[in-house]
Each structure stands twice: as C-alpha cells, then as structure tokens.
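Just so it is clear, none of the values below were taken in a lab; they were calculated from the coordinates. Just so you know, these numbers come straight off a predicted model, no measurement behind them. Note that we place each Cβ from the backbone using ideal geometry, even for glycine, and neighbour counts take in every protein chain shown.
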Ligand code: ACO
C-alpha cells in the first residue's frame with residue numbers, strides 16, 4: 001500500500017477507500033463524494049464553516065508558518081523585505097514572482113506613476129458623498145465605479161489587460177484614498193506629484209496645504225513604506241478570499257477589488273488597529289494595566305491586538321512595527337499610548353493565561369499607534385491597510401485567473417431547513433407558529 005495515502009473505512013457499509021495525500025498533508029474534498037451508502041446517495045462532504053481547515057487554492061505567493069512566526073513573500077522573509085526593499089518593489093515581487101532588476105524596476109515604477117491620476121468625474125463622484133462619509137466607504141464606492149471607466153477591464157483572460165488594470169489600481173489607490181481624506185476634511189483635492197516616491201506622493205496628496213511643493217519627511221515616508229510592505233499580502237485572509245471568490249465569477253478586477261475592500265472594512269479584519277487605539281485610550285494609564293489584564297483573564301474583555309487565527313507565536317510584522325514606532329516618535333513626538341501598549345505586552349507575555357493560549361501581539365497592536373502619531377484619524381486606518389493590500393489582492397487574482405483548477409467559487413451547504421410543504425393561500429393561512437416578532441416588525 002502506498003504510504004502517502006489515507007485509508008478510510010466506512011462503518012456504514014464496511015467499504016474501504018484509499019485517498020491520495022498530496023503536498024504532504026492535503027486530501028481532495030471531492031474524493032469524499034465516492035463514499036456512499038447507495039448509488040443515489042450524494043456521498044460524503046466536509047463541513048468547514050469559516051474555512052478553518054480547508055485550502056481553497058494552491059498558491060505560490062505568500063508562506064506563513066504560524067507556529068514559528070514566519071511570513072515570506074515569494075520565499076523572501078518579511079524581515080529582509082522590510083529592511084531592504086520598498087513597497088513598489090515588493091508589489092512587483094508579489095505580482096510577478098521575482099524581484100526586478102534595475103531596468104525592470106524603473107519601468108514598473110514609471111508604469112505605476114503613469115496611472116496615479118483619476119478621471120475628473122471620479123472627483124465629482126467623491127463630491128457626492130456626505131461631508132461625514134467614512135473614507136473606507138468612499139474608497140469602496142469609487143473603486144467599484146472605476147469598472148465603468150475602464151470597460152476594457154472585462155477582458156480578464158487578456159494578459160495585457162490584466163497588466164494594465166494592475167498598474168491602474170496600484171497607481172490610483174493612494175489618489176482615491178487621499179481624495180476621500182480631503183473630502184472628509186473639507187479640503188481641496190491635491191493632484192499627484194510623480195516626482196515624489198509612491199508613499200511621498202501619497203503624503204503630499206493627503207497633507208499638502210499652500211506650499212508650492214510638498215516635501216515629505218523622509219523618516220515618515222520610509223515608515224509608511226515599511227508599513228505598506230508589511231500589509232501587502234497575508235495569503236487567504238477574509239478580503240483576499242473575497243477577491244478570489246468574487247473574481248472567480250470572471251467579473252472585472254475593479255469590481256472584485258471593491259468586494260475585497262468591503263471585506264477589509266469589517267471590524268474583525270481591517271478595523272482591529274482602531275479597536276486597539278480605542279482600548280489604549282480607554283485604559284488611559286499604565287497604572288490600570290494589571291486591572292485590565294485581570295478583566296481579560298476573567299473573560300470580561302478582549303485584549304485587542306493580541307491573538308491571531310494563524311500565528312501562535314509572535315507575529316513577525318508586530319516586531320517590525322514596534323521598532324518602527326520609535327523611529328516615527330523621533331519625528332512626531334511620542335504617542336503616550338505606546339507606554340501602555342508596551343506594559344500590556346510585558347505583563348501579558350509572562351502571564352500563564354496568554355502563554356498557554358499562545359496569545360502574542362499581532363500586527364495591529366502597534367500600527368494604529370504609529371498612524372495616530374503621524375496625524376491620521378482612526379477612520380483612515382483601514383484605508384491605509386487597503387492601499388498596499390491591493391497588490392496582494394491583484395497577485396492572488398492573477399494567480400487565480402490563470403489556475404486551470406479554479407472554477408467559480410461555489411461552496412456546498414448542509415441544508416437543515418423544512419422538508420417539502422405545500423403553498424396555502426394567504427386567507428386560509430394561520431399565523432406562523434414559530435415567528436415571534438410582532439407584526440409591526442415583520443413590516
Ligand atoms: N484577548 C483575550 N483572550 C483571547 C484573545 C484576546 N485578544 N484572543 C484569544 N483569546 C482567548 C480566547 O478567549 C480563547 O480562550 P479559551 O480557550 O479559554 O476559550 C483562546 O484565547 C483561543 O481564542 P480563539 O478565539 O479560539 O482564537 P481564534 O483563532 O478564533 O481568534 C482572533 C483569533 C479573532 C484574532 C482573536 O485572537 C481575537 O479576537 N483577537 C483580538 C482582535 C484582534 O486583535 N484582531 C486582529 C487580528 S489580526 C488581523 O486581522 C490583521
């Protein structure tokens with residue numbers, strides 16, 4: 001018997017099945033369908049709400065070992081990229097699979113910068129949002145609207161079209177994000193300045209006032225660039241899954257990206273760094289840390305920014321962000337919340353509650369503190385996450401479109417509703433027995 005197989009014995013029938021094990025630990029769920037009690041039986045399937053143990057694709061992009069705290073893009077450790085690369089180069093790596101040589105990097109940078117402007121009608125579309133519209137909602141709406149500006153994007157099987165939409169999206173995201181911010185502040189929009197770096201230009205579009213030319217602070221420019229590298233991809237998280245799932249219908253990439261942005265908008269995904277900052281502001285002082293830890297251990301509250309579905313060790317991105325915070329504070333002045341965060345981490349990491357549950361700081365524990373020190377309002381935090389993540393989404397979308405094994409995403413369900421029943425005309429129908437809401441709510 002081959003050793004890389006799984007033997008299943010169905011105790012209902014006594015039949016025995018050999019299921020191949022691929023890639024070291026993978027079985028194909030579709031092979032379970034052969035396990036039946038009779039010819040007209042549907043066959044077995046697996047039930048996995050939230051995909052906690054189901055791979056939806058094979059991917060060559062990002063590798064995570066959560067037990068060891070390892071994150072690599074295309075094989076390169078995140079620490080090396082954060083130290084030596086810049087966001088645009090990392091985006092190239094994610095999308096093309098290799099780091100560029102000088103010539104290719106220059107062409108890539110030029111191609112992205114050629115697409116930083118948006119159609120003037122996009123500006124007018126932005127003007128239509130209420131004065132207090134959430135910038136992430138504005139980003140979501142305008143990215144979706146881009147599909148109407150670029151109908152050629154529907155040609156998703158044309159590699160040249162995919163390349164063009166990829167450049168357009170990476171080029172335009174900072175512009176849309178900055179316009180959303182300026183709209184929120186009631187400030188005039190600032191056009192892109194392509195003499196600046198990708199992040200320098202973003203800072204200019206956000207913060208330029210009456211000066212003729214905005215000069216980004218190099219430390220803040222670099223810090224934002226590193227944060228962009230750290231957030232560029234994280235394999236099959238909720239928003240990437242949305243990008244792949246919606247993209248699997250063969251819709252254009254702007255619509256699929258809008259879906260991914262919508263997923264990232266949710267507080268369980270892109271909003272955790274805001275929850276951390278709110279928590280630290282509420283704690284208010286180092287003196288209250290022991291009391292807070294006690295409440296967490298009693299199950300009365302969560303320690304936001306701690307724990308992760310995949311990392312059961314220190315999130316490697318959190319280590320880098322913690323170091324970065326000090327560099328940023330040299331320029332902006334210290335955000336006092338950092339002291340509370342460090343004390344929370346110090347106490348938590350020597351407490352058995354956290355150690356036994358393998359709860360370590362995740363990337364969000366420190367990133368919000370940096371963004372706040374840089375002058376970003378909390379509503380901008382998920383937008384700052386979306387800008388770099390678009391390169392990850394596009395890398396994953398490109399891979400999905402070209403993967404011959406992929407089809408339209410269509411999970412199965414386990415139906416647990418009513419059996420067959422027959423329609424009764426409304427005048428002969430009694431009040432529904434198990435619907436408890438009052439009639440007014442039903443209306
Ligand atoms: N504070 C206190 N206890 C926690 C925390 C936390 N932050 N996270 C997990 N636990 C406890 C749980 O109560 C549970 O304890 P139990 O075994 O006694 O019941 C145990 O640790 C395991 O936790 P789960 O909820 O099963 O872990 P899961 O993998 O489902 O959740 C999650 C991961 C959602 C990130 C969780 O750790 C959490 O809510 N953290 C706070 C929110 C946060 O920081 N989210 C950002 C994630 S990173 C990102 O999205 C970019």
Compute the acute angle (0 to 90°) between the alpha-carbon long axis of helix 253-265 and the principal axis of greatest extent of the alpha-carbon atoms of the chain; round to the nearest 10°.
-> 90
Gain upon complete extension [residue 33, residue 54; 0.36 nm per residue less C-alpha separation] | 6.0 nm
Percent of all Cα-Cα pairs per 10 Å bin for region 5-47, counting from 0 up to the last occupied bin, reads 28, 55, 16, 1
Kindly list the residues of region 4-28 that lie in the label zone of residue 45, defined by a backbone N under 19 Å from the point 7 Å along the Cα-to-C-beta vector.
-> 27-28
Radius of gyration and maximum dimension Dmax of the chain, Cα, Å = 24.9, 80
Point-to-point label distance, residue 67-residue 294, nm (Cα→Cβ direction, 7 Å offset) = 3.7
Relative to the longest principal axis of the chain, what angle (0 to 90°, nearest 10) does the C-alpha long axis of helix 272-283 take?
-> 70
Efficiency by 1/(1 + (r/R0)^6): what FRET value for residue 357 and residue 22, r their Cβ-Cβ distance, R0 = 25 Å, to the nearest 0.05?
-> 0.20
Computed on Cα atoms, Rg of region 238-304 relative to 2.2 N^0.38 Å comes out at 1.64
Rel. contact order, % - alpha carbon contacts under 8 angstrom, at least six apart, the chain | 19
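Quickly rank 363-373, 202-212 as a protection proxy: mean count of other C-beta atoms within 10 Å, highest first.
Descending mean neighbour count gives 363-373, 202-212.
In nm, what is the difference between 0.36 nm times the number of residues separating residue 310 and residue 131 and their Cα-Cα distance?
Result for the pair: 60.6 nm of gain on full extension.
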How many percent of all Cα-Cα pairs in region 347-443 sit more than 20 Å apart?
-> 74
Globularity ratio of region 218-342, using Cα Rg and 2.2 N^0.38 Å = 1.26
What share of Cα pairs, in percent, lie more than 21 angstrom apart in region 1-87?
-> 52
Angle in degrees between helix 159-185 and the longest Cα principal axis of the chain, rounded to the nearest 10 | 60
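Please rank 393, 108, fewest neighbouring Cβ atoms within 10 Å first, as an exposure proxy.
Lowest to highest Cβ neighbour count: 108, 393.
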For the residue pair residue 327 and residue 187, what label-to-label distance in nm results when each label sits 7 Å from Cα along the Cα-to-beta-carbon direction?
-> 2.4
